[in-house]
1. 222 nm [θ] for the protein assembly as shown, helices only, -39500 (n - 2.57) per DSSP H run of 4+, per residue, to 500?
2. Roughly how far apart, in whole Å, are the Cα centres of the range A:50-77 and the range A:372-425?
3. Neighbouring Cβ atoms within 10 Å as the yardstick, rank A:ARG247, A:ARG381 fewest first.
4. For a Förster distance of 51 Å, can you work out the FRET efficiency between the beta-carbons of B:ASP71 and A:THR155, rounded to the nearest 0.05?
5. Can you tell me which of A:GLY258, A:GLY360, A:GLY56 moves the most in a GNM of chain A? Springs connect C-alpha atoms under 10 Å apart.
6. For the range A:135-173 and the range A:237-305, what is the separation of their Cα centres, given in Å?
7. Using 0.36 nm per residue of separation minus the Cα-Cα distance, give me the extension gain between A:ASP232 and A:THR422 in nm, one decimal.
8. Set the Förster radius R0 to 60 Å, insert the Cβ-Cβ distance between A:SER313 and B:ARG116 as r into 1/(1 + (r/R0)^6), and round the FRET efficiency to 0.05.
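What follows draws every value from the coordinates through simple rules; no lab data is involved. It should be emphasised that the depicted structure is a prediction, and the values quoted were computed from it without experimental measurement. Neighbour counts run over all protein chains shown; Cβ positions are idealised from the backbone, glycine included.
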Amino acid sequence: MSAEPPVPLAGLVDHLFRHAAGEMVAALARLLGLDLAEEAVQDALLRALQTWPFAGIPDNPRGWLFQVARNRALDRVRHETMSRDALQWPGGIVDLAQRGDGSDGGRIGDEALAMMFMCCDPALGRAAHIALTLKLVSGFSVEEIADASLERAPTVAQRLVRAKREIRERHLALEIPLPRELAARLDSVLEVIYLLFNEGYAAHGGENLVRADLCDEAIRLAQLLAGNPQTDRPAVEALLALMLLQRSRLPARVDALGDLTLLADQDRSRWDRGFVEAGLRHLERAAAGTEISPYHIEAAIAACHATARDAASTDWRAILRFYDDLVALKASPVVALNRAVAVAMAEGPEAGIRALERIGDDPALAQYHLLPAVRGGLERRAGWKAEALRHYRAALALRCSAPERRFLERQIAEIESELSATAPQ
Amino acid sequence: MAQFLVLARDNGDPRREMGRMSPEEMQRIMGKYMTWSTRIRDAGHLLNSNKLRDGEGRVLRRAGGKVTVTDGPFVESKEVLGGYWLIEAADYAAALALLQDHPHIELWPNASLELRQVHDFTQR
């Protein structure tokens, strides 16, 4: 995907085509099946692209797209033999254009949510969950999915074909699960959303350190879930709060040269207060009820950072307590790594290094560049320059994004010059 | 002020390529066209514009007192007339200046714009 920012347009909101595509496919798939629905939608977008440059953007672009997609779908239905059954589908396609004007957005949201649950059906693998959600709900192309998931386009294309066949053969339902199944089914949907967010927050390859568009899409999907009373559960609110709070820091995470700025060094005036406030609001809503998820705790940690006036006044002891809770709820090597950072901040770098040593040989982290990178950072703070150098170099040997690479190289150069300045002549 | 007709021709590339694009890419292309036409319209240069239907058309001829109507000639033609803009400018030079960064020729290597002045005999 090009790094070119979207062109702001009067009368055309950012990502309108992408979002409308997802909604239209969701609404039409029940009638036409996935493949024909995707075709009808692609056709509608193509017609817009051919007409609007001459005729101008219609007053209600979204309604226009739905109307045309509906007409294309009806053409399809007339050609396929399925016509009679299809037209009897309750709340059928004839309502689509009316709903497409946004006056009844809730219904459209329902369709998109049903699609999201189908894409994340446990019968399909996790890699398929992500690819399907991005393709069918978020309107990404195969190339854009490949970019986001660091895979080759043919691999993604193949995975999509296979997953769609699975959907057909297993007759996976295009509906929001019943209340008694919802919690379990929601888990895999939230997991996909958070993975998507993290891929945007710390793009793991390529030139861009962050992909705000991926973060925003993850937030949009969570907002869809939070906006529907059937799916607005505390875990959804907590994940939404977490992502909004993290998203607030995005403008300060990368400097003018596209390089990484660590939390402690970020210019907090560049944090987006709108996102912080929305995040805190959703965190409050997440506290309704007795349910507590890992997202609750991670959001609470993010809130500690977001509300600290400056790095020095961060309440690291509170954060460490939250990490202890998180380890108890969801013991993972990455959580343990983050906890070790909190230990270092609350009790000093040497305590942090001891905490890291305990997770050092976890095979899940063997290829994870942040483990040696964090260790190098703590060793540098402890004054152990030779060890710091060794670990920064080890981190550099693993896969990381170009700005992370430059960050590590800068650390190494600084330590090397410190060492040569103090070395006996 | 003179009026000019801007005819957008292409060889079918845009339709083929746009059909393969993702929604986001399509919106980006749309953005380029709208940026151009908004600027021209806001400056008071745009009078009218329309997209013509693809792949159809009729040609009328009269021979021996009889009108014959044929389809086309677009079917065999390599170049397709996709649509037009009617713009207003002082002269050819000014009209050409408005078209320098037109996305139609920026985006599609085999596309062209044809500029024709409307002949107005009441003007000197």
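1. -19000 deg cm²/dmol
2. Using only Cα atoms to place each centre, the spacing works out to 56 Å.
3. A:ARG381, A:ARG247
4. The calculated FRET efficiency here is 0.65.
5. Judging by the Gaussian network model, the answer is A:GLY56.
6. 30
7. The span from A:ASP232 to A:THR422 would gain 62.5 nm if fully extended.
8. 0.30
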